[in-house]
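Since the structure comes first, as structure tokens, the remarks are kept for the end.
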Amino acid sequence: MALDSYVLGVILVSGLVTWLSRIFPFVLLKHFSLPAVVINFLSFVPISIMTALWINSLFIQHLGHFPAVDWPNFLASGPTILSAMISKNLMVIVVVGVISLAVIKAVM
Amino acid sequence: MRMTDDLSPRAGVMEAVPTAFGYIGVGIAFGIIAKANGFSLLEILLLSMVTYGGSAQFIMVSMMAVHASLLAILLSVFLVNSRMILMSTVVAPYFKSESMMRNIVIGSLITDETFALGMNKLNYTDHTLRFGWYNAANLFAYLIWAVATVVGGALGTLIVDPQKFGMDFAIVAMFIGLLYLQVIADKTIRLTIQLAVIGFVIVIMVVGLIFIPKNALLLLAAILGCSFGVVLKHGAR
């Protein structure tokens, strides 16, 4: 159960910064309201972030070059989207996604 | 198990089960990698409980393994987690009437996944969220993550990396599912505009990956996607 002081320092400082990023808007917006234009802007955050996170997982970055396609993830997205359309059930979607990738990795 | 309008803590836990599934896969993988890089179980537990962020933790472990400076690690962590500010800003107004303490508790445990979950829930609850539901979902995800990472560290090289079985895809699948469910359920934004924003973000991501480090790109793509959406919505009127 070793705990290195350098590691502890990094964890504490990183944790503090992350925590402040998370709670700052809650503390601020407890007393202030956002103008309509900002609310309008923020209404696109969910689909923008979810799309960005998904696409991020489909490519392997090589700065200065075109990103390489992560084929297993890319191919597994197909059945996953299909299962979303059919089931509209998050648990089913996740299970289908995991099985799809496992099958693809076994075959490739 | 589809989402309902039930905002009880019990429903919060039940609806966070798919998230937990993803966290088990990625958490165990993280534990294995951290252990392989020489981190102790206590350090793994602290990383998960104090920093609590998948991508941030992977970055921290890889940077600490090469003894990067505190400042360099801090900047990377801030960058990868800066989208938290955006997500918290979206969630905060739903808890305006709750106490400051409860606001801080909800904010402290928000992740990409529980944020996405909360946004989806809004479509079933007439656009309201409740502390009990969200806190239960957050706490459940938090505990599962902490346990999974420690289990991964304890098992170390004894087990096969869950990534080999596709477990790490659970979180990607979750984003795909939540994105789809969000698009079909959200009636506040026209479907064509939503699809245009998604297409725009895809282009930004693919082009951006050529020359922008992915951690900075995630935030940039989100901001540009929102801006594009505002322009479209304004122009459509």
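The values are calculated or read from the model by the stated rules, or taken from the named source; none is laboratory data. Only a predicted model underlies this, so the values are computations on that prediction, with no experimental measurement involved. All Cβ positions, glycine included, derive from the backbone under ideal geometry; neighbour counts span all protein chains shown.
Computed values, structure above
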quantity	calculated
Any hit, segment B:203-210, residues being touching a Pro at 6+ places or on another chain (Cβ under 6 Å) and at the interface with chain A (Cβ under 7 Å from one of its Cβ atoms)	yes
Tally, over segment B:110-119, of residues that are at the interface with chain A (Cβ under 8 Å from one of its Cβ atoms) and more than 17 Å from B:Ala222 (Cβ to Cβ)	0
Test: residue in segment B:169-183 that is touching a strand residue (DSSP E or B) at 6+ places or on another chain (Cβ under 8 Å) and within 22 Å of B:Ala56 (Cα to Cα)	no
Hey, A:Asn89 within 7 Å of chain B (Cβ to nearest Cβ) and crowded, with 20+ Cβ neighbours inside 10 Å or not	no
Verdict on B:Arg130 being buried (at least 16 other Cβ atoms within 10 Å of the Cβ), assigned by TED's automatic domain parsing to the domain that holds B:Thr149 and out of contact with any helix residue (DSSP H, G or I) (no Cβ under 6 Å at 6 or more places or on another chain)	yes
Subset of segment B:91-104 [part of a helix (DSSP H, G or I) and either facing chain A (nearest Cβ under 9 Å) or touching a Phe, Trp or Tyr at 6+ places or on another chain (Cβ under 6 Å) (or both)]	B:Val91, B:Ala92, B:Pro93, B:Phe95, B:Met100, B:Arg102, B:Asn103, B:Ile104
Breaking point among (1) in contact with a strand residue (DSSP E or B) (Cβ under 9 Å, 6 or more places away or on another chain); (2) under 23 Å from B:Met174 (Cα atoms), for A:His62	(2)
Inter-residue pairs, beta-carbon under 6 Å, first at the interface with chain A (Cβ under 7 Å from one of its Cβ atoms) and in segment B:27-54, second surrounded by 18 or more Cβ atoms within 10 Å (Cβ to Cβ) and aliphatic (A, V, I, L, M), 6+ apart	B:Leu41/B:Val150; B:Glu43/A:Val7; B:Leu46/A:Ile11; B:Leu47/A:Ile11; B:Val50/A:Ile11
Condition check for A:Ser77: in contact with a Pro (Cβ under 9 Å, 6 or more places away or on another chain) and not basic (Lys, Arg)	no
Selection within segment B:194-218 - assigned to a helix (DSSP H, G or I) and surrounded by fewer than 19 Cβ atoms within 10 Å (Cβ to Cβ)	B:Leu195, B:Ala196, B:Gly199, B:Ile202, B:Val203, B:Val206, B:Val207, B:Ile210, B:Phe211, B:Ala216
Verdict on B:Met60 being surrounded by fewer than 23 Cβ atoms within 10 Å (Cβ to Cβ) and either in the same structural domain as B:Lys121 (by TED's automatic domain parsing) or touching a Pro at 6+ places or on another chain (Cβ under 9 Å) (or both)	no
